[in-house]
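Bear in mind these aren't lab numbers, they're just calculated from the coordinates by the rules spelled out. The shown structure was predicted, so the numbers you read here are calculated from the model rather than taken from an experiment. Heads up, the Cβs are rebuilt from the backbone with ideal geometry, glycines too, and the neighbour counts pull from every protein chain shown.
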Amino acid sequence: MKRLLVLFICLGLLAGCVQVPKEALELPPESLADRQLQTRRFETTNKEQMLGAAANVLQDLGFTLEESEIPLGVLTGSKTRDATSAGQVAGAILIAALGGGAMPIDSHQIIRVSMVMRQKPDVNESTVRVTFQRLIMNTVGQCTKAEQISDVEIYKEFFEKLSKSVFLEAHEI
């Protein structure tokens, strides 16, 4: 018992000596471009109005809202879409025909969105950052791929619709 305790203490001390590599805390070069793609400024500090407009846009785009925290300026949602690939289905059929048994294939994808609004206290302006991610799930419920969506058109469409919606909300149209 004492030996086991001494062993754990020694392992704990040795683990504390491990250094974190410098590059572990460095951002990849594309992170600035991603942030610029995901962020826009608006001439409002009204969180209720902004989150209401964003909720309307996301619902119009087919998302189901999951969380809305007005005091924090946070909004999250998701939608599920088909992710079946003809190539995977053909491969699974071929493997099954050759006696390899059933093989899991991609079945659906969950597209997640999160939006954060930050107010700039000294000016009547706020910053909105939105991110879209996608999780691809297979037929046995495992996540086979998780990635950030970086398609310029998706962000452009969202922010165009959000700008129009914010204008309509501000003018009560």
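Determine, for each peptide in 73-83, 28-38, the mean count of other beta carbons within 10 angstrom over its residues, then list the peptides with the highest first.
Ranking, from highest mean packing down: 73-83, 28-38.
Which percent of the Cα-Cα distances in segment 41-170 go past 27 Å?
In whole percent, the long-distance tail amounts to 34.
What is the extension gain from residue 31 to residue 74, computed as 0.36 nm multiplied by their sequence separation minus the C-alpha to C-alpha distance, in nm to one decimal?
13.4 nm
Give 22/161; 120/156; 47/156; 79/164; 22/79; 22/145 a once-over and call out the pairs whose C-alpha atoms are over 32 Å from each other. Could you put the intermediate results ahead of the total?
Values: 22/161 41 Å; 120/156 23 Å; 47/156 21 Å; 79/164 23 Å; 22/79 38 Å; 22/145 28 Å.
Table pairs above 32 Å Cα-Cα are 22/161; 22/79.
Using θ = phi - 60° and the Karplus curve 6.51 cos²θ - 1.76 cosθ + 1.60, what whole-Hz ³J(HN,Hα) does each residue of segment 28-42 get, with Gly and Pro shown as x?
For segment 28-42, the Karplus-derived couplings read x, x, 7, 5, 5, 4, 4, 4, 5, 5, 8, 10, 9, 9, 10 Hz, x marking Gly and Pro.
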